[in-house]
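Reading through the structure tokens given below for one structure.
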Amino acid sequence: LSSVNLDSGLSTVLVSGQNYPLGIAHDSVTNTLFWPSYTQKLIHRKALPDGPILSFEPPGDNPAALAFDAEAQHLYWTETVGGALRRSAPDGTGVETLVSGLSFGIGLALDLDSGKVYWSEETADRIRRANLDGTGVEDVVTTGLDQPRGLSVAHGDVYWVDRGSQTLRRQSVSGGAM
């Protein structure tokens with residue numbers, strides 16, 4: 001894991017020797033980074049700049065995408081094996097399974113203004129959303145996808161990368177044409 005100073009362009013290695021770090025999230029309140037060790041089935045955190053690396057083992061397998069709600073102090077993550085969307089306190093306590101049955105959930109984004117969590121399911125070729133507590137699951141994009149990954153939600157649109165077609169795509173969160 002590295003950081004780059006946007007003024008000078010200099011990069012700094014923050015953590016090295018990680019085992020397949022797949023996603024990243026930041027807590028702006030405590031200035032803490034979170035990342036999964038996908039194959040070790042761990043989620044790590046480090047308070048910047050010099051805090052120790054602390055880890056917890058989530059109840060499922062292979063944590064992948066991460067997102068953080070700094071106001072509520074909730075860490076959200078998807079698990080590709082076992083297919084779950086979960087959240088917990090930053091230290092891994094109080095784990096809640098919000099949605100189960102995901103089909104290789106690999107993308108994750110929070111829309112805190114709307115109170116929604118979005119995720120992609122790569123093998124089902126769909127993007128879904130729910131309330132932040134996991135209720136009200138609904139499809140957002142179900143056609144024209146080819147292994148959707150990495151998500152972002154901004155200004156009423158959901159953005160994603162299609163791994164299969166090697167494209168960056170966008171659609172309104174209320175549906176319609178891509």
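The calculated FRET efficiency for the pair T167 and T123, based on their C-beta separation and a Förster distance of 25 Å, comes to about 0.90.
Size estimate for the range 73-163 follows the Kirkwood approach: the inverse of mean 1/r over distinct Cα pairs works out to 13.0 Å.
Separation of the range 1-37 from the range 40-76 is 12 Å, based on Cα centroids. Dipole size of the chain about its Cα centre, with +1 on Lys/Arg Cβ and -1 on Asp/Glu Cβ: approximately 260 debye, rounded to the nearest 20. Around the Cα centre of the range 71-146, unit charges on the Cβ atoms of Lys, Arg, Asp and Glu (plus for the first two, minus for the last two) sum to a dipole of about 100 debye. Computed over the chain with a Gaussian network model linking Cα atoms closer than 10 Å, the most mobile of L108, L85, L14 is L14. Averaging 1/r over each pair of different alpha-carbon atoms in the range 10-86 and inverting the result gives 12.7 Å, the Kirkwood hydrodynamic radius. The three principal axes of the Cα atoms in the chain give end-to-end lengths of 46, 39, 30 Å, sorted in falling order. Each residue of the range 95-100 was assigned a 3J(HN,Hα) from its phi angle through the Karplus curve 6.51 cos²θ - 1.76 cosθ + 1.60 (θ = phi - 60°); the sequence is 5, 10, 8, 8, 9, 10 Hz, with glycine and proline shown as x.
Globularity index of the range 15-59 is 1.09 (Cα radius of gyration / 2.2 N^0.38 Å, N = number of residues).
A short reminder: the numbers here are calculations on the coordinates, not readings from a lab. All values derive from a computational prediction rather than experimental measurement. Methodologically, a virtual Cβ is constructed for each residue, glycine included, from the backbone with ideal geometry; neighbour enumeration extends over all protein chains shown.
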